């Protein structure tokens, strides 16, 4: 990437992150982003075809860091803990990610598009690997449903704080996996 293109991309990402955080991704237009970044619409659209692609670029580094911790980080999030502990730790890490970046996730996971993201596929594979139940494929998406960004935002709007969400999801993990002892 040329140096000027890289600078423009950084300006676009910084402007979009600020606008998404202050106004919500759904209330920001591509024109808003171009103006805030001080770039032309053509420059913006050459790199990012839509608002969701900008949110994906912003969110990508945060999701990759979590994926690395799931694959090779210390337990309980990483390998070496029981499935119940790992699922509980995963829920906690995802709630932290949502708490910090829900404005970005809401911009990337709209409706059924949630299921098409690479991150969702990774989260699904991770949770599926923890399930020692009769029909894990029927259960895995149900266990991920509470982490949908609109569910998270709705619960926060109802006054359910992060600790209550963590506690509820820890109970869900224990309830689903404890019956079989949380065995892999």
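Residues 9, 67: which one is out of contact with any strand residue (DSSP E or B) (no Cβ under 8 Å at 6 or more places or on another chain) and either in the same structural domain as residue 118 (by TED's automatic domain parsing) or not in a helix (DSSP H, G or I) (or both)?
On the way: 9 fails: either in the same structural domain as residue 118 (by TED's automatic domain parsing) or not in a helix (DSSP H, G or I) (or both).
The match here is 67.
In region 42-67, which residue that is more than 20 Å from the chain's Cα centre (by Cα) and in contact (Cβ under 8 Å) with a residue 24 or more places away in the chain is surrounded by the fewest Cβ atoms within 10 Å (Cβ to Cβ)? Before you say what the answer is, go through the steps one by one.
Start the filter on region 42-67 by keeping residues that are more than 20 Å from the chain's Cα centre (by Cα), which leaves 42-47, 49.
The next check asks that each one be in contact (Cβ under 8 Å) with a residue 24 or more places away in the chain; those that pass are 43-44, 47.
Values: 43: 18, 44: 23, 47: 16.
Among those residues, the one meeting the criterion is 47.
Filter region 1-26 down to residues that are more than 14 Å from residue 104 (Cβ to Cβ) and surrounded by fewer than 16 Cβ atoms within 10 Å (Cβ to Cβ) and give me whichever is nearest to the chain's Cα centre (by Cα).
This residue is 10.
With (1) at pLDDT below 90; (2) in a loop (DSSP other than H, G, I, E, B); (3) in the same structural domain as residue 127 (by TED's automatic domain parsing) as the list, and residue 1 as the residue in question, which single condition is left unmet?
Only one criterion in (1) at pLDDT below 90; (2) in a loop (DSSP other than H, G, I, E, B); (3) in the same structural domain as residue 127 (by TED's automatic domain parsing) is unmet by residue 1, namely (3).
More than 27 Å from residue 143 (Cα to Cα), modelled with pLDDT of 95 or more and crowded, with 19+ Cβ neighbours inside 10 Å: does that describe residue 39? It would help to see each step written out before you state the result.
Numbers: more than 27 Å from residue 143 (Cα to Cα): yes; modelled with pLDDT of 95 or more: yes; crowded, with 19+ Cβ neighbours inside 10 Å: yes.
It is true that residue 39 is more than 27 Å from residue 143 (Cα to Cα), modelled with pLDDT of 95 or more and crowded, with 19+ Cβ neighbours inside 10 Å.
The values are calculated or read from the model by the stated rules, or taken from the named source; none is laboratory data. All of these numbers come straight from a predicted model, not from anything done at the bench. Here Cβ is always computed from backbone atoms with ideal geometry, including for glycine, and neighbour counts include all displayed protein chains.
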